[in-house]
Every structure is written in structure tokens, then in C-alpha cells.
Amino acid sequence: MNISRIDLADAASPERLVLEILKHEPQLAIPVPIEELCLRLDILEIVPLTTDGYEGGLLTSADKFNGTILFNEASPRERRRFTIAHELGHFLMPSHVPSAEGRFLCRLQDMRALKGGESDRRLKMEVEANRFASQLLMPPQKFRVDVAVGKDPDIRQLSAIAKKYDVSKEAAGRAYVKFREEPVAIVVTQNDKVLRDYRDSLKFPRLSVPTGAMIPAHSLLLRRKHEIGVPSEIDETDAGVWLHVERGRQSAPLYEQVLLQRQGFALIMLSREAASGDEDEADEEAEMTSAERLKRRLYPDR
Ligand SMILES: [Zn+2]
């Protein structure tokens with residue numbers, strides 16, 4: 001690796017930083033050697049956190065001359081990699097300023113923040129650090145090609161991609177729903193409750209099942225038996241199970257696939273055919289603010 005911090009001097013956004021890194025390291029391996037990259041970019045060491053309740057941290061001075069990255073040792077490797085990339089994002093983003101004590105401390109929920117922050121500086125930094133980590137670990141040019149493989153969206157493909165890029169299925173899923181041509185949503189559940197969902201709001205309509213609610217009785221997870229770690233077949237489900245469907249209106253088919261995981265967790269992939277979903281698009285556009293619409297046009301990859 002030849003890259004150094006000087007090469008990134010003009011980059012001020014997560015997208016620009018990743019572009020510059022990839023420009024200077026065109027042969028960057030997959031999975032991205034994140035720790036080696038950090039050490040090239042003035043991170044002195046990457047060490048376990050000693051403060052409970054946090055997933056990652058960065059110790060640095062206001063001038064960010066160099067830094068130390070902290071990670072939660074108890075987390076799985078894939079998640080630690082994302083955390084380290086996230087902290088590198090805080091280090092490299094010129095607008096991210098450490099606290100008066102010279103540090104950033106990030107919780108697990110910060111690592112999942114995907115939007116917002118227009119009026120909350122701290123949240124904005126978390127969202128940006130996540131964009132940086134996601135694009136650095138899953139470089140869009142390569143990731144796009146892997147996501148396009150296969151006739152239909154499929155959890156087996158998502159698992160293979162997560163393995164290839166050495167990221168969690170959830171982190172891969174967040175990028176998958178953006179890059180896959182078909183409208184796809186990933187729903188994370190635990191003990192039959194919806195914890196969170198990821199979708200591209202321009203392609204996939206909002207779910208009718210809110211966060212924290214029990215998953216619908218007619219969903220594939222509940223209407224069949226599943227084996228832990230074995231993705232189910234892709235099954236057609238009545239769209240009304242997961243989506244708002246106006247009475248009397250013909251809805252495009254909705255497909256559902258389930259991966260039961262340990263500790264009561266499950267991933268549910270919802271998908272539709274590429275040509276469908278148009279009827280919902282206008283509604284979603286209307287929900288967006290003009291700033292979001294503009295961002296959407298400027299950065300269609302997000
Ligand atoms: Zn953070």
C-alpha cells in the first residue's frame with residue numbers, strides 16, 4: 001500500500017474520501033484490509049475498548065495529527081471491521097471534531113444511523129461515518145457487480161456477498177437494497193418482533209408493520225417451520241401482509257424469504273419484480289423533503 005494522508009487532503013465528504021482512497025489504491029483487496037489501511041493513514045494503533053456500553057471509539061487531538069481506534073472486543077469480527085472503518089471515517093472527515101476530551105465514542109445504534117442529522121451535529125457525523133464505512137468496505141464499483149448476479153434477489157446471494165466482503169449480513173443488506181435493481185427490503189426481527197428494516201424508499205414502499213410490532217401471522221417466518229442458518233425458499237406472500245394495499249387495488253406480487261438465526265433473530269427479505277413498485281414511487285417522493293430529493297439526484301448510489 002502506498003496511500004498516505006496527503007492523498008486525501010482535498011476530500012471533505014465520505015463519498016469523496018472513498019473515491020480518493022480507491023483512486024490511490026486501485027488494487028485494494030476484497031475483503032478490504034481495513035486495519036492495514038488505517039495504519040497507512042496515521043492511525044497509530046487499533047486496540048480494544050475499555051469503556052462499557054460503546055461499540056467503538058477514536059482518540060485524537062483537535063488537529064487530528066494522529067489517532068487511536070478503539071473497538072468492542074466482544075463483537076463478531078465482521079462488526080468490528082465496520083466499527084474500525086466507521087472510526088476511520090471520523091478521523092478522516094475534516095468536519096468531524098472530537099469532544100473536548102479528545103475522543104469520539106460511538107454506540108452500536110450509532111453504527112446503524114443512516115439518515116437524519118440536519119439539525120443534530122452528532123447524528124450527522126454518525127451518518128457520515130457509516131456512509132464512509134459502508135462504501136469503503138463494499139466499494140460500490142465492485143459491490144454493484146456482485147449484487148447484480150442472479151435472477152432474483154436471494155438471501156443466499158446476500159450471505160455469499162457478506163462473506164466475500166467480510167461484513168455482517170445486516171451491513172451487506174443495507175447496501176444490497178440500494179444496489180439491487182429490484183425493489184428489496186430487509187427486515188431484522190427478534191422473537192417475532194420487527195427490530196428494523198432497510199429499503200430504498202424510492203423503490204420499496206414503507207412497511208405497514210412498524211418497528212417494535214409483532215410480525216404478521218401470515219408472514220413466511222410464522223407460517224412455516226425454519227431451520228437455523230438455512231435460508232428458506234423464496235415464497236410469494238400476499239402483499240397486504242407487509243404493505244399497505246388499498247382495498248380493491250391490484251397489488252404487485254410480493255416475495256418473501258427467511259433466514260432464521262440464533263438467539264431468536266431472523267432476517268426477512270421482501271422483494272418485488274423490477275418493473276413493479278411504480279405505483280408507490282410517487283407517494284415516497286412526496287414524503288421526501290426537497291433537500292433529500294436533491295441529495296438523491298446528486299448521489300444516486302446512496
Ligand atoms: Zn461514530
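The values are calculated or read from the model by the stated rules, or taken from the named source; none is laboratory data. Note that the structure is predicted; figures quoted are calculated from it, not measured. Note that each Cβ is placed from the backbone with ideal geometry, even for glycine, and that neighbours are counted across all protein chains shown.
Applying the selection to the stretch 224-246, what residues are assigned to a loop (DSSP other than H, G, I, E, B) and more than 26 Å from the chain's Cα centre (by Cα)? Scanning the stretch 224-246 gives 224, 225, 238, 245, 246.
A count restricted to the stretch 80-106 and to residues that are of a type in the set (Asp, Glu) and modelled with pLDDT of 95 or more stands at 1. Against the test of being in contact (Cβ under 8 Å) with a residue 40 or more places away in the chain and not assigned by TED's automatic domain parsing to the domain that holds residue 266, the options 146, 166 yield a single qualifying residue, 166. The single condition from (1) over 16 Å from the mean Cα position of the chain (by Cα); (2) within 16 Å of the ligand (Cβ to nearest atom) that residue 153 fails is (2).
Restricting attention to the stretch 46-80, which residues are more than 16 Å from the ligand (Cβ to nearest atom), hydrophobic (A, V, I, L, M, F, W, C) and out of contact with any Ser or Thr (no Cβ under 7 Å at 6 or more places or on another chain)? If the condition is that a residue be more than 16 Å from the ligand (Cβ to nearest atom), hydrophobic (A, V, I, L, M, F, W, C) and out of contact with any Ser or Thr (no Cβ under 7 Å at 6 or more places or on another chain), then 62, 65, 74 are the ones that fit.
Scanning the stretch 43-63 for residues being part of a loop (DSSP other than H, G, I, E, B) and either out of contact with any helix residue (DSSP H, G or I) (no Cβ under 6 Å at 6 or more places or on another chain) or farther than 24 Å from residue 95 by Cα (or both) gives a total of 9.
Of 197, 154, 192, all but one fail to be in contact with a Gly (Cβ under 9 Å, 6 or more places away or on another chain), of a type in the set (Asp, Glu) and surrounded by fewer than 22 Cβ atoms within 10 Å (Cβ to Cβ); the exception is 192.
Of all residues in the stretch 69-100, those being in contact with a strand residue (DSSP E or B) (Cβ under 9 Å, 6 or more places away or on another chain) and among the acidic types (Asp, Glu) number 2. Per the conditions (1) among the aromatic types (Phe, Trp, Tyr); (2) surrounded by fewer than 17 Cβ atoms within 10 Å (Cβ to Cβ); (3) under 19 Å from residue 126 (Cα atoms), the sole criterion not satisfied by residue 82 is (2). Look at (1) touching a Lys or Arg at 6+ places or on another chain (Cβ under 9 Å); (2) at pLDDT below 95 and you find that residue 151 fails only one, number (1).
Scanning the stretch 85-122 for residues that are without any contact (Cβ under 8 Å) to a residue 12 or more places away in the chain, away from the ligand (no atom under 11 Å from the Cβ) and either assigned to a helix (DSSP H, G or I) or surrounded by 14 or more Cβ atoms within 10 Å (Cβ to Cβ) (or both) returns 117, 121. Inspection of the stretch 202-210 finds a residue satisfying the criterion of being at pLDDT 95 or above, farther than 18 Å from residue 156 by Cβ, surrounded by fewer than 15 Cβ atoms within 10 Å (Cβ to Cβ) and touching a His at 6+ places or on another chain (Cβ under 9 Å). Determine whether residue 167 is crowded, with 19+ Cβ neighbours inside 10 Å, part of a loop (DSSP other than H, G, I, E, B) and in contact with a Lys or Arg (Cβ under 7 Å, 6 or more places away or on another chain). For residue 167, the condition - crowded, with 19+ Cβ neighbours inside 10 Å, part of a loop (DSSP other than H, G, I, E, B) and in contact with a Lys or Arg (Cβ under 7 Å, 6 or more places away or on another chain) - is met.
Of all positions in the stretch 184-192, at least one carries a residue that is at pLDDT 95 or above, away from the ligand (no atom under 16 Å from the Cβ) and out of contact with any strand residue (DSSP E or B) (no Cβ under 7 Å at 6 or more places or on another chain). If we scan the stretch 19-31, do we find a residue that is within 20 Å of residue 131 (Cβ to Cβ) and either in a strand (DSSP E or B) or within 16 Å of the ligand (Cβ to nearest atom) (or both)? No, that holds for no residue.
For every residue, the table says whether it meets (1) in a strand (DSSP E or B); (2) modelled with pLDDT under 95; (3) buried (at least 19 other Cβ atoms within 10 Å of the Cβ).
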| position | (1), (2), (3) |
| --- | --- |
| 222 | no, no, no |
| 248 | no, yes, no |
| 256 | yes, no, yes |
| 267 | yes, no, yes |
| 273 | no, yes, no |
